[in-house]
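K.L.:
Before I ask anything, let me first share the structure, which is written out below as structure tokens.
The values are calculated or read from the model by the stated rules, or taken from the named source; none is laboratory data. Given the structure is predicted, the values throughout are model-derived calculations rather than measurements. Note: ideal-geometry Cβ built from the backbone for every residue, glycine included; neighbour counts use all protein chains shown.
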Amino acid sequence: MTALTVKNTIQTVLGKTGLNKLENREKRVVLAGVLFLVCFALFHFAVSPLIQARQQTQKSLIQKNKDIKKIHQLQEEYRKFQAQAVDIQNRLYKRSPSFTLFAFIEEQATKAKVKQQINSMTPSTSEGEGLLQESRVDLKFERISLQQLVDFLQQIESTDNVVLIKRISIQENSKEEGALDAVMQIITFTQKS
């Protein structure tokens, strides 16, 4: 468009809207209103989406950093577990090949003088993932004293033989005052055949 046609178009618009008949003060008010609308539209359609996109990006970066920290934390825990697994496997290799959990528990019960209080011993095994399987003995004591139970528990947990108490439940014996009944699961790990 040429300058003359632009000028004619503006004059036509001003004539049809009646803006050319306004006083200078009124023209300034209309101009201020138009500028406000243009600024509002510019902010609403251009600046505001950019600000929101930036905030969303910052939130995303913060979340990603948290995720990375969590991954590093999990990686560290995994390394500790791997080191513990290697340590357990080393102890298992050092353990006597003829070791059985059932015989070990009987031996420790004899040492702690609680063999007569054993009501039942039930061995079992469960397949796990990896090279190890869990060997378990469910053990039930009746009418055992607190001191006898403590002595037995100290005897039974063995880091060298990788023997652990997985669960234990203790309650008072209903027939004999001062005596306890105890049910426990004692576990170890063995190499899969």
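K.L.:
Could you tell me which of the residues Gln154, Gln171, Gln148 is closer than 23 Å to Arg95 by Cα and not in a loop (DSSP other than H, G, I, E, B)?
P.N.:
On the way: Gln171 fails: closer than 23 Å to Arg95 by Cα; Gln148 fails: closer than 23 Å to Arg95 by Cα.
Criteria check complete, one pass: Gln154.
K.L.:
Now for a separate question. Ile51: under 30 Å from Phe189 (Cβ atoms), modelled with pLDDT of 80 or more, of a type in the set (Val, Ile, Thr) and surrounded by 10 or more Cβ atoms within 10 Å (Cβ to Cβ), yes or no? Walk me through how you get there before you give the answer.
P.N.:
Numbers: under 30 Å from Phe189 (Cβ atoms): no; modelled with pLDDT of 80 or more: yes; of a type in the set (Val, Ile, Thr): yes; surrounded by 10 or more Cβ atoms within 10 Å (Cβ to Cβ): yes.
It is false that Ile51 is under 30 Å from Phe189 (Cβ atoms), modelled with pLDDT of 80 or more, of a type in the set (Val, Ile, Thr) and surrounded by 10 or more Cβ atoms within 10 Å (Cβ to Cβ).
K.L.:
Could you please let me know if Ser126 is under 35 Å from the mean Cα position of the chain (by Cα) and within 30 Å of Gly178 (Cβ to Cβ)? It would help to see each step written out before you state the result.
P.N.:
Details: under 35 Å from the mean Cα position of the chain (by Cα): yes; within 30 Å of Gly178 (Cβ to Cβ): no.
No, not satisfied.
K.L.:
Okay, next question. Specify which of the listed residues (Gln52, Gln73) is at negative phi, more than 30 Å from the chain's Cα centre (by Cα) and among the polar types (S, T, N, Q). Break it down into steps so the answer makes sense when it comes.
P.N.:
On the way: Gln73 fails: more than 30 Å from the chain's Cα centre (by Cα).
Sole residue among the options that is at negative phi, more than 30 Å from the chain's Cα centre (by Cα) and among the polar types (S, T, N, Q): Gln52.
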